[in-house]
Amino acid sequence: MSDTTSPTPSPAQRTGTFTCLACGLVVAELAPDDSRRNHCPSCLCSRHTVDQRERGHSECGGRMTPLSIAALRTGRWALVHRCVRCGELSLHQVSTDDNQLILMRLAVRPLAEPPFPLEVFSEL
Ligand SMILES: [Zn+2]
Ligand SMILES: [Zn+2]
């Protein structure tokens, strides 16, 4: 299994599903825009199946929770996932029907919880 999105999905990919480790939702592997889905559109959790360093299959199988948002050069968003079992980080492209509330919460979190007092700006 690889991370690359194939332009012509096979019939198996069209009908393939996986069950979300976190919320139990049965998820279609193919997103509405024909891209491969590797995380749950409802709670955005994923499963650790790809070894990011070796680019091969990972035996871990741990739950990966969304950590933050990364803006790609293509203008799309990607989710930074962290495996709760082994701590490995990975980048997954956001699908058009991903939970936008969770995406926005992840995106504004660094601004909502700054590591320094915001009052300093009023003194400038
Ligand atoms: Zn889920
Ligand atoms: Zn892992």
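Data overview
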read-out: Residue identified as small (Gly, Ala, Ser), within 23 Å of PRO110 (Cβ to Cβ) and away from ligand 2 (no atom under 16 Å from the Cβ) among SER42, SER35, SER68, SER46; value: SER68
read-out: Every residue from segment 73-104 that is under 25 Å from GLU54 (Cβ atoms), surrounded by fewer than 17 Cβ atoms within 10 Å (Cβ to Cβ), in contact (Cβ under 8 Å) with a residue 12 or more places away in the chain and more than 16 Å from ligand 1 (Cβ to nearest atom); value: ALA78, VAL80, ARG85, CYS86, LEU89, LEU91
read-out: Residue under evaluation SER58, criteria (1) in contact with a strand residue (DSSP E or B) (Cβ under 8 Å, 6 or more places away or on another chain); (2) farther than 21 Å from VAL27 by Cβ; (3) of a type in the set (Ser, Thr, Tyr), criterion not met; value: (2)
read-out: Segment 24-71, subset within 16 Å of ligand 1 (Cβ to nearest atom) and of a type in the set (S, T, N, Q), residue surrounded by the most Cβ atoms within 10 Å (Cβ to Cβ); value: SER46
read-out: Strands (runs of 3 or more DSSP E) contained entirely in segment 15-119, each with at least 3 residues that are out of contact with any His (no Cβ under 9 Å at 6 or more places or on another chain); value: 17-19, 63-71
read-out: Segment 62-92 - residue that is out of contact with any Asp or Glu (no Cβ under 9 Å at 6 or more places or on another chain) and of a type in the set (S, T, N, Q) and, of those, nearest to CYS23 (Cα to Cα); value: THR65
read-out: Boolean, ALA12 is away from ligand 2 (no atom under 16 Å from the Cβ), at pLDDT below 95, surrounded by fewer than 16 Cβ atoms within 10 Å (Cβ to Cβ) and over 20 Å from ALA107 (Cβ atoms); value: yes
read-out: Only one of GLU123, GLU119, GLU113, GLU59 that is among the acidic types (Asp, Glu) and within 16 Å of ligand 2 (Cβ to nearest atom); value: GLU59
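Matching residues to (1) at pLDDT below 90; (2) on the phi > 0 side of the Ramachandran plot:
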position	(1), (2)
LEU44	no, yes
ARG63	no, no
GLU88	no, no
ASN99	no, no
ALA107	no, no
LEU124	yes, no
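The values are calculated or read from the model by the stated rules, or taken from the named source; none is laboratory data. Quantities reported herein were computed from a predicted structural model and do not represent experimental measurements. Because the Cβ atoms are built from the backbone with ideal geometry, glycine has one as well, and the counts that use them run over all protein chains shown.
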